Amino acid sequence: MKTAAALLTLAPMALAVTLPPFEKETLPNGVTVCLMPRRDTPLIAVQVTLRGGSEADPAGQAGLSALTAELLRRGSGSRTADEFAEALDYLGAAYSAGTQPQAIVLRLEFLSKDAEAALGLLADAVARPAFAEEEVRKAVEQAADEVRSLKDQPGQAAQLYFRSLFYGPEHPYGRPPRGDEISLAKVSRADVVAHHKKLYTGRNLIVTAAGDFDSGAFRTLLRKTFGGLPAGEAYRWREAPPIPAAKEPTLWLIDKPDATQTYFLIGQPGLARTSPDRVPAQLVNALFGGRFTSLLNDALRVDSGLTYGARSVLDLNRLPGAISMYTFTRTDATKQAVDLALDVLGKLRKNGVNEEQLASTKAYIKGSYPTERLETADQLAGLLAEMELYGLGRDEVDDFFARVDAVTVEDANRIVRKYYSSDALQFLLLGNASAIRESVAGYAEKRKEIPVTSPGFGGSH
Amino acid sequence: MRLASLLVTAAMAHAQPLAVQTFTLDNGMKVLVHEDRDIPNVALYLFFKIGSRDERPGVTGISHFFEHMMFNGAKKYGPKQFDIVMEANGGSNNAYTSRDVTVYTDWFPRSALELIMDMESDRMVHLDLDPKMVESERGVVYSERRQRVDNDNFGLLEEQLDAAAFLAHPYGWPVIGWASDIEAWTIDDLRHHYRIGYAPNNCVMVVSGDVSRREVEELAKQYFGGIERQEPPPAVRTVEPEQLGERRVEIRKAAQLPLLMVSYHVPRSADADRTTLEVLTALLTRGRSSRLYRRLVDRDRLALDVSAYAGKSLDPGQLVFYLEVTSGVDPAKAEEALFEEIDAMRKDLADARELEKAKNQLLVQLYRQQKTIAGKANLLGQYEVFHGGYETLAQAGEAIASVSAESVREAARRYLDPKKRTIATLIPEAAAAKESE
């Protein structure tokens, strides 16, 4: 222990990391393009980001954004779905299209020598999807089945139920991002076409690329690829409805009678991606539940052996999100584990954060940042898109280490008081209800029980 | 077009190999160093050549459990200190156990290199197995099993599939261990495991990132040079007898969707046929243009998803096909379509463009695995342990490029033999009840 402490000052860590240089331009039709050449592996990563995402799903049609994104490749330009797949696979390219709370994201990674062919495919997907009736119907049925299969994965299902509970029916984050059996059944081809027409426009599009290319030639290629899109309008962000969860403790118990362990989340209101509190909040959350030696994991895993892992998740999206404790434990230890999680939270509130904990967390955050955000072309393309989406400058990266270093114990404890001290905790438990119902009843007056076999995830669609 | 594409494959196949420097300490510990200074970080991986294949009935899962115990205190760095000190110095870590190896993975800023070497050497030789820690960690591993197997239909079915596919070889038992064994292993079992597996001569260390060979060599000598070599784990003598007919297992339980898995026996990773099998597998399952995706997911809609995987193995292992069956579909229908497609691979030659496509996919995949310092450390270690030396990684591209349509068909005939397959099906209980009405 003493020897170890002495080692702490062995060698200094890097003082800062910097974002590699990049170029930015706006095409005449409004498309924002950011380019970062990096010669490392002979790969190029391109990310197309469209403002909106699942928050743009119309009421009652949760999953429309995700479904539209999925359909882009199923017949586009002159190719059928099958031909598109063959062309993509022939290049060995990796393609994905999905939705985040505030953006639709398409990613494509390919060998630099294939840039022209790969971008041709991407352009077809973004600008010229066919949305054939037959493909729409097929995709809807597959999506509904995928949603059903999520219920065979209790950890993932618990997260989706938690959204319904925490954000409530009026909030865009309260709906399942990929929809559910009920909402997907209401989606027609016309809805998909209209959704595409509205959101896949020049002014709503951010294209970021990093990797093995020469900026000049690649810029020309990107102008050709995306310059022809209609300018349209940028997506207008929705007003943030309040999170109803903040009023009183609530508990939902999702009954999965065959479960041999209980999965649970305990949430309270947190902050948005652009909040001025984000850096100290990241530090506090890491030490509370965001790393192996965190207070939560130490108590629930290391000291008591109740679980394989316990953590605290800090949502950082456009609108303020949740801070949620998450873990799982054997059915008969459910109350013990929930109590212990609450006890750890209570201790954080009571004792706050000390200098030693904060110093360790700062080193941890700085040590893992380069490999999490700055190492690969796809990470960098994603980072540039995030900066553009949220209107952040390069200081977000260049000053990150300095901002981490500047956080004081007082700052950290202000974060604890502000975000980790709710009197209205929201409990979501998924497990064998008959075995745990009584033991967990004391956590909230307001309770609801939902069989896992009921369609959807307990909320609006 | 044909010519151009062939040239492309050849060019990719001869891509610059990873620059690796290597040395071996007097005690037999081999070290690979790859310098990459793009970010100020380092990945340090320790591959111990011991896994669930080195276990026996009654102590199955001990390799994996031991992996957990490696974080619970040694001499210089006591209980919890490994993680506390590592994180306080900007590092993070994990570990994984397979049938053949136990691998410890550290990621950290370059400033922590010496510290990590010190901590890794401390636990390689001075691990302190505290009975209280053993009991607490037993609960953690049990929770991991409940998470990965008991409450995961995929994990549950795969466990039963493996047990049926192997009659004799240790690959038949789960890496995480049977539940009864997790409850029963003792501190003496752990001591025995430490003695046979954790020695410098049974370990390969890979360091990739912002380092020089010189500093790695100096530190390796200083921290690992004094550790004594030991007898390596006893050889695994059991050879799986040839499978003589199809085998089936079935699980009936509450579930939303049925699952289907089919396992075939394949040679060990160092065998040249494994590259041919990779191409064969890519033709069948890689991407939405693959034969099984086209047929089962897109055209006939019998499955939501289809994939296949052949894990790295020191002994002859498995190629397993995984199908998530569409709700309301009889898994037998999906099975029939799967076998029709496999039969076609055994009967006809793949056309040139399709073969080229599969090879391109695998070649780009090789690059993709080298995007990060962690990816490179893992890949180098795997080639060193499973493919007869890290040098073989430089030939991996060429090996893929040289696979012919004839050799693919030959591999399909030889390895995807209906007599040598094991089929596992998970049938949702509600659907099962309907059938019996």
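Roughly to the nearest percent, how much of the accessible area of chain B is carbon and sulfur, given a 1.4 Å probe?
After summing per-atom areas, the C and S share lands at 50 percent.
Please list B:273-280, A:392-399 highest first by mean number of surrounding beta-carbon atoms within 10 Å per residue.
Going by the mean number of other Cβ atoms within 10 Å, highest first, we get B:273-280, A:392-399.
GNM on chain B, C-alpha springs below 10 Å: top fluctuator among B:187, B:62, B:423?
Highest fluctuation among the options: B:187.
Quick one: Cα convex hull volume of chain A, Å³ per residue?
Considering the Cα atoms of chain A, their hull volume per residue is 151 Å³.
If amide hydrogens are placed 1.01 Å from N in the peptide plane, which non-local residues have theirs closer than 5 Å to the one on residue B:250?
Amide H neighbours of residue B:250, under 5 Å, 5+ apart: B:425.
Working from Cα positions, state the angle (0 to 90°, nearest 10) between the long axis of helix A:81-90 and the longest principal axis of chain A.
The angle comes out near 90 degrees.
Only bridges whose two residues both fall in the protein assembly as shown count here: according to DSSP, what percent of them are antiparallel, nearest 5?
Antiparallel bridges: around 75 percent, rounded to the nearest 5.
Report the gain in length on full extension from residue B:391 to residue B:252: 0.36 nm times residue separation, minus Cα-Cα distance, nm rounded to one decimal.
Stretched out fully, the residue B:391 to residue B:252 stretch lengthens by 45.4 nm.
Name the residue, out of B:180, B:407, B:92, whose mean-square fluctuation peaks in a Gaussian network model built on chain B with Cα pairs under 10 Å.
Per the Cα network of chain B with a 10 Å cutoff, B:180 tops the list.
Average projected area of the Cα convex hull of region B:139-233, in nm²?
Computed as one quarter of the Cα hull surface, the answer is 9.4 nm².
Region B:18-223: D in µm²/s via Stokes-Einstein (Kirkwood Rh, Cα pairs, 20 °C, 1.002 mPa s)?
In µm²/s, the coefficient is 119.
Of the DSSP beta bridges with both residues in region A:250-451, give the percent that are antiparallel, rounding to the nearest 5.
Close to 60 percent.
Residue-wise, which Karplus ³J(HN,Hα) couplings in Hz belong to region B:365-382, taking 6.51 cos²θ - 1.76 cosθ + 1.60, θ = phi - 60°, and x for glycine or proline?
4, 4, 5, 4, 6, 10, 6, 10, 5, 5, x, 5, 4, 5, 5, 4, x, 5
Take the Cβ-Cβ distance between residue B:27 and residue A:274 as r, set R0 to 41 Å, and report the resulting FRET efficiency rounded to the nearest 0.05.
The calculated FRET efficiency here is 0.15.
Compute for chains A and B the buried accessible surface, both sides summed, probe 1.4 Å, and express it in Å² to the nearest 100.
6200
Accessible area of residue B:110, 1.4 Å probe, to the nearest 10 Å²?
The value for residue B:110 is about 90 Å².
Rolling a 1.4 angstrom probe over the protein chains, ignoring ligands and nucleic acids, what is the accessible area of residue A:133 in square angstrom, nearest 10?
My reading of the accessible area for residue A:133 is about 110 Å².
Relative contact order of region B:247-436: what whole-number percent is it, with Cα pairs under 8 angstrom and at least 6 residues apart?
Reported as a whole number, the value is 40 percent.
Take every Cα-Cα distance within region A:250-451, group them into 10 Å bins from 0 onward, and report for each bin the whole-number percent of pairs it holds.
Pairs per bin, as whole percents: 8, 32, 32, 20, 8, 0.
Please identify, among B:168, B:412, B:43, the residue showing maximal mean-square fluctuation in a Gaussian network model of chain B using a 10 angstrom Cα cutoff.
B:168
Give the long-range amide H neighbours of residue A:41: residues separated by 5 or more places, or on another chain, with amide H under 5 Å away, using H modelled in the peptide plane at 1.01 Å from N.
none
How much FRET efficiency would the formula 1/(1 + (r/R0)^6) give for residue A:355 and residue A:399, where r is the Cβ-Cβ distance and R0 is 22 Å, rounded to 0.05?
0.45
Would you list the P(r) distribution for the protein assembly as shown, with all Cα-Cα distances sorted into 20 Å bins from 0 and each bin expressed as a whole %?
Percent of pairs per bin, in order: 13, 46, 38, 2.
If each Cα of chain B is one equal point scatterer, what is log10 of I(q)/I(0) from the Debye formula at q = 0.06, 0.08, 0.10 Å⁻¹?
Once normalised to I(0) and log-transformed, intensities are -0.28, -0.51, -0.79.
Using just the helices of chain B, give the 222 nm mean residue ellipticity in deg cm²/dmol: DSSP H runs with n ≥ 4 each add -39,500 (n - 2.57), and the total is spread over all residues, rounded to 500.
After summing the helix terms and dividing by residue count, I get -13000 deg cm²/dmol.
Relative to the longest principal Cα axis of chain A, at what angle does helix A:215-226 sit, 0 to 90 degrees, rounded to 10?
That works out to roughly 90 degrees.
Of the listed pairs A:350/A:418; A:151/B:253; A:113/B:359; A:224/B:359, which have alpha-carbon separations greater than 19 Å here?
A:224/B:359
Calculate one ³J(HN,Hα) per residue across region B:117-125 by plugging θ = phi - 60° into the Karplus curve 6.51 cos²θ - 1.76 cosθ + 1.60, and present them in order as whole Hz with x for glycine and proline.
Once rounded to whole Hz, the list reads 4, 4, 5, 5, 5, 4, 7, 5, 10.
What distance in nm separates the simple spin-label points at residue B:369 and residue B:339, each placed 7 Å from Cα in the Cβ direction?
The modelled label-to-label distance comes out at 3.3 nm.
May I ask you to evaluate 6.51 cos²θ - 1.76 cosθ + 1.60, the Karplus curve with θ = phi - 60°, for each residue of region A:287-303 and list the ³J(HN,Hα) values in order in whole Hz, giving x for glycine and proline?
My calculation for region A:287-303 gives 6, 6, x, x, 8, 4, 8, 4, 4, 5, 5, 4, 6, 7, 9, 5, 7 Hz in order.
Rounded to the nearest whole Å², what accessible area per residue is found for region A:250-451 with the 1.4 Å probe?
Computed with neighbouring chains in place, this is 36 Å² per residue.
If you bin the C-alpha pair distances of region B:247-436 every 10 Å from 0, what whole percents do you get?
Going from the shortest bin to the longest, the percentages are 9, 33, 33, 19, 5, 1.
Give me the percent relative contact order of region A:5-226, please, defined on Cα pairs under 8 angstrom at least 6 residues apart.
Here the relative contact order equals 35 percent.
Percent relative contact order of chain B, based on C-alpha pairs within less than 8 angstrom and at least six residues apart?
23
Report, ordered by chain and residue number, the aspartates and glutamates lying within cross-link reach of residue A:335, taken as a straight Cα distance under 15 Å and ignoring same-chain residues fewer than 8 apart.
A:343, A:438
Between residue A:117 and residue A:303, what length comes free when the chain is fully extended (0.36 nm per residue of separation minus the Cα-Cα distance, one decimal in nm)?
Result for the pair: 61.5 nm of gain on full extension.
Whole Å is fine, so just give me how far the alpha carbon centre of region A:363-425 lies from that of region A:62-113.
30
How much mean residue ellipticity at 222 nm does chain A get from its helices, if each DSSP H run of length 4 or more adds -39500 (n - 2.57) and you divide by all residues, to the nearest 500 deg cm²/dmol?
My calculation for chain A gives -12000 deg cm²/dmol from helical runs alone.
When the chain is fully extended, how far beyond the present Cα-Cα distance does residue A:193 get from residue A:390, taking 0.36 nm per residue of separation?
68.2 nm
Which log10 I(q)/I(0) values, to two decimals, does region B:97-165 give at q = 0.26, 0.28 Å⁻¹ under the Debye formula with one point per Cα?
-1.14, -1.18
Please enumerate, by chain and number, the lysines with C-alpha under 28 Å from the C-alpha of residue B:75, excluding those fewer than 8 residues away in the same chain.
Reachable lysines: A:2, A:362, B:30, B:49, B:132, B:221.
The values are calculated or read from the model by the stated rules, or taken from the named source; none is laboratory data. Keep in mind it's a predicted model, so treat the numbers as computed, not measured. With ideal geometry, Cβ positions are generated from the backbone for all residues, glycine too; neighbour counts draw on all protein chains shown. The area values use the complete protein model at the heavy-atom level, side chains included, leaving out ligands, DNA and RNA. Shrake-Rupley method; radii C 1.70, N 1.55, O 1.52, S 1.80 Å.
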